[in-house]
C-alpha cells in the first residue's frame, strides 16, 4: 500500500531523512525539482572545501548511501521509486555540477537539461526506471540523466567555442 510521507516519517529513520533529501521530497509541488535544487548548496560547499578527487569520493559515498536509503524508504512507502524520494536527483545533479563548475549560467542551463532528461527518461533510463525496482534502480536512472546532461553540455561548449 502506497503511503504519503510526513514530517514524522522524514525523521523516523536516517534512511528516510536521506532519501527524502533532508525534507525536499515533502514538497507538495515538483519534489524532484526541489530535490535537484538541494544539490546546489552542497556542490558549492564541496567546491569550496575539497579537491576534485574529494568531490568525486563524496558523490560515490552519497550514491551508495542513496541506494540503501532509497531501498529502505521505498519499501516503507510501499513504492520503490516514490515521488518523495529525491536523493537520486540530489546525487545525480551533484555529479553534473562537478563537470559544470560554479558558473551560475552554466548551472542554470545544466539544471534545465537535467530536469528534462530526468522527466523524459531517454533509454536506458526508461528501462531502468521500469524494470529495476530497488534502491540501485532508483539511483541509476538519474545517473543516466546526468550522463545525457553532461554530454549535451560538452557538445554545447564545443559548438559554441
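What follows draws every value from the coordinates through simple rules; no lab data is involved. These figures come from a predicted structure and were not determined experimentally. Cβ placement follows ideal geometry from the backbone for every residue including glycine, while neighbour counts extend to all protein chains displayed.
First measure r as the distance between the Cβ atoms of residue 133 and residue 109, then evaluate 1/(1 + (r/R0)^6) with R0 = 41 Å and state the FRET efficiency to the nearest 0.05.
About 0.80, to the nearest 0.05.
Between region 13-37 and region 76-149, what is the C-alpha centre distance in whole Å?
One Cα centre to the other: 13 Å.
Can you tell me how much longer the chain between residue 61 and residue 4 gets when fully stretched, taken as 0.36 nm per residue apart minus their C-alpha distance, in nm with one decimal?
Extra length from residue 61 to residue 4 when fully extended: 17.8 nm.
Compute the helix-to-body angle for 87-100: its Cα long axis versus the longest principal axis of the chain, expressed 0 to 90° and rounded to tens.
So the inclination is approximately 10 degrees.
Relative to the longest principal axis of the C-alpha atoms of the chain, give the angle of the C-alpha long axis of helix 52-77, reported between 0 and 90° and rounded to the nearest 10°.
Result, in degrees: 30.
Output the relative contact order of the chain, whole-number percent, from Cα pairs under 8 angstrom with separation of 6+ residues.
For the chain, the relative contact order is 26 percent.
Over region 40-134, what is the relative contact order in whole percent, taking alpha-carbon pairs under 8 Å and six or more residues apart?
With pairs under 8 Å counted, the relative contact order is 32 percent.
Could you work out how much longer the chain between residue 116 and residue 11 gets when fully extended? Use 0.36 nm per residue separation minus the Cα distance between them, nm to one decimal.
34.8 nm
Please determine, in degrees from 0 to 90 and to the nearest 10, the orientation of helix 135-160 with respect to the longest principal axis defined by the Cα atoms of the chain, where the helix direction is its Cα long axis.
Long axis of 135-160 versus the principal axis of the chain: about 20 degrees.
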